[in-house]
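Notes to accompany the following structure.
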């Protein structure tokens with residue numbers, strides 16, 4: 001049995017349903033800044049939820065695992081709420097649709113990067129030299145010249 005002093009409420013909500021309501025002693029999910037693990041009494045935080053796997057742990061029970069798409073996470077000391085565009089149980093995932101969505105996401109990221117790096121200031125970057133007018137890191141130069 002789980003130690004009740006470590007248990008907090010967890011909700012995953014999508015536009016069309018309350019996907020999950022339960023409890024856990026830890027939750028792991030992906031944010032725009034990276035992976036995050038949360039225990040009870042975490043400092044209040046609101047963050048951007050990134051596509052990925054959510055794992056809800058509760059001592060003595062099997063982990064609850066789901067896939068979520070973009071949204072927001074609200075973390076309070078006694079509750080974590082994920083507001084996701086999409087949430088699915090592993091057996092609900094359509095592999096073909098998921099791969100197409102991943103490809104579309106990659107295309108959007110590349111389009112945004114190309115738009116950014118083809119703006120007028122990119123004209124000043126030639127032959128791996130940095131213009132005095134604009135400052136670029138070596139990673140920026142590599143991306144411009146080699147696409148990533």
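Sort 93, 27, 13 so the one with the fewest other Cβ atoms within 10 Å of its own Cβ comes first.
Least to most surrounded, the residues fall as 93, 13, 27.
Assuming a ≥ b ≥ c are the square roots of the Cα gyration tensor eigenvalues, decide whether the range 9-53 counts as rounded (a/c under 1.5), prolate (otherwise, with a/b larger than b/c) or oblate.
Here the range 9-53 falls in the oblate category.
Going by how many other Cβ atoms sit within 10 Å of their own, how do 20, 39 line up, fewest first?
Fewest-to-most Cβ neighbours within 10 Å comes out as 39, 20.
Please report 45, 76 as a ranked list, fewest other C-beta atoms within 10 angstrom at the top and most at the bottom.
The order, fewest Cβ neighbours first, is 45, 76.
No lab work stands behind these numbers, since they all come straight from the coordinates. Model, not experiment: these values are computed from the prediction. All Cβ positions, even for glycine, are placed from backbone atoms using ideal geometry, and neighbour counts span all protein chains on display.
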